[in-house]
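K.L.:
My structure is below; once you've seen it, I'll send some questions.
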């Protein structure tokens, strides 16, 4: 069956003129629409014109998307096995966003796991052989950054930043996101709000803690360090253990903000085992609004970030760097919003 421009336009809900502009590489199309149209073209099997414009295996640039892992160690300090640093599903969403842009520009994308605890000389060598690198994750060994910069390999960090060190990066407004959640909880009458944070080694943990404190201040509440618990990682088990530790210390609270949805899953279980009702006795809020958040029991209120867009913008920034345009290091911050569900009570507004 012959595919027509109208078929593509109907699939994306745009005009045929917009599809035509995308096919002719017209710059007057926003990136989100362009990506959606190109994806529809591929899905429908429509032949892309001017194959050279989109790149070929001969002349396309090779970039590496580095996802971060860690080494799990035994009691004697010996390494046992490699594991993902985090179980957050946002990595896949970010990669999908990057891929949408690399397909558009005909770039070869390779995914590589880099051990953050102890990056190997082999993994560093592979990174240095690429035309550009996008690193996804919150903990980045500075040896990786130093090696790439010394070799003049363009690099963009997605989902995190490096404190005061200038580097091209794209991430969410974690500070404002945490502040929104705290203010929403306070507006619903919750005055004793716990914060279960992630590892202090991540820059995002510092941002979220600052946002938590800002939210308390905006709501006219005092900061109580006894209501801040640090989890070992962004994992359900860590959330479970942190909540158990909290319960063994105090039960004088009526809301908990977790630094990730994965932690909140573990926290929900710990509260259930302690016979504490959510949200009647304690309201729960997660972070990142992962796809599974709406299917927890009860559905989890969370702070949303468009991870696909994070990937797209990170890839577009790398494309600019590959063209040799790097007048300044850019830190691009995307807005986040609080989505209320049944794990909180008395909150109906979506910020």
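The values are calculated or read from the model by the stated rules, or taken from the named source; none is laboratory data. Owing to the predicted nature of the structure, the values given are computational and were not obtained by experimental measurement. Counting neighbours? That spans all protein chains shown, and the Cβs are built from the backbone with ideal geometry, glycine included.
K.L.:
I'd like to know if the range 288-302 contains one or more residues that are under 18 Å from residue 345 (Cβ atoms) and assigned to a strand (DSSP E or B).
P.N.:
Yes: the range 288-302 contains one or more residues that are under 18 Å from residue 345 (Cβ atoms) and assigned to a strand (DSSP E or B).
K.L.:
Somewhere in the range 219-237, is a residue in a helix (DSSP H, G or I), crowded, with 18+ Cβ neighbours inside 10 Å and in contact (Cβ under 8 Å) with a residue 12 or more places away in the chain?
P.N.:
Yes.
K.L.:
Turning to a different aspect of this structure: Name the pairs whose Cβ atoms lie under 7 Å apart, with the first residue in the range 113-132 and within 21 Å of residue 95 (Cα to Cα), the second part of a loop (DSSP other than H, G, I, E, B) and at pLDDT below 80, and 6 or more positions between them or separate chains?
P.N.:
Between residues of the range 113-132 that are within 21 Å of residue 95 (Cα to Cα) and residues that are part of a loop (DSSP other than H, G, I, E, B) and at pLDDT below 80, the close pairs are 116/85; 116/139.
K.L.:
Among the residues of the range 341-351, which ones are surrounded by fewer than 23 Cβ atoms within 10 Å (Cβ to Cβ) and at pLDDT 95 or above?
P.N.:
Within the range 341-351, 341, 342 qualify.
K.L.:
Please determine whether any residue of the range 242-254 is in contact with a strand residue (DSSP E or B) (Cβ under 9 Å, 6 or more places away or on another chain), surrounded by 14 or more Cβ atoms within 10 Å (Cβ to Cβ) and part of a loop (DSSP other than H, G, I, E, B).
P.N.:
For the range 242-254, residues in contact with a strand residue (DSSP E or B) (Cβ under 9 Å, 6 or more places away or on another chain), surrounded by 14 or more Cβ atoms within 10 Å (Cβ to Cβ) and part of a loop (DSSP other than H, G, I, E, B): present.
K.L.:
Determine if the range 288-295 includes at least one residue that is over 30 Å from residue 167 (Cα atoms), buried (at least 21 other Cβ atoms within 10 Å of the Cβ), under 17 Å from the mean Cα position of the chain (by Cα) and modelled with pLDDT under 95.
P.N.:
Yes, the range 288-295 has at least one match.
Per-residue answers, yes or no, for (1) over 16 Å from the mean Cα position of the chain (by Cα); (2) part of a strand (DSSP E or B); (3) modelled with pLDDT of 95 or more; (4) not assigned by TED's automatic domain parsing to the domain that holds residue 198:
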position: 257; (1), (2), (3), (4): yes, yes, yes, no
position: 264; (1), (2), (3), (4): yes, no, yes, no
position: 269; (1), (2), (3), (4): yes, no, yes, no
position: 320; (1), (2), (3), (4): yes, no, no, yes
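K.L.:
Filtering the range 4-39 down to residues that are part of a loop (DSSP other than H, G, I, E, B), farther than 22 Å from residue 99 by Cβ and at pLDDT below 80, which residue is nearest to the chain's Cα centre (by Cα)?
P.N.:
It comes out as 28.
K.L.:
Could you pull out every one of the helices (runs of 4 or more DSSP H) wholly within the range 114-210 that has 2 or more residues that are at pLDDT below 95, farther than 28 Å from residue 240 by Cβ and in contact with a strand residue (DSSP E or B) (Cβ under 9 Å, 6 or more places away or on another chain)?
P.N.:
Of the helices (runs of 4 or more DSSP H) lying wholly inside the range 114-210, those with at least 2 residues that are at pLDDT below 95, farther than 28 Å from residue 240 by Cβ and in contact with a strand residue (DSSP E or B) (Cβ under 9 Å, 6 or more places away or on another chain) span 121-128, 142-150.
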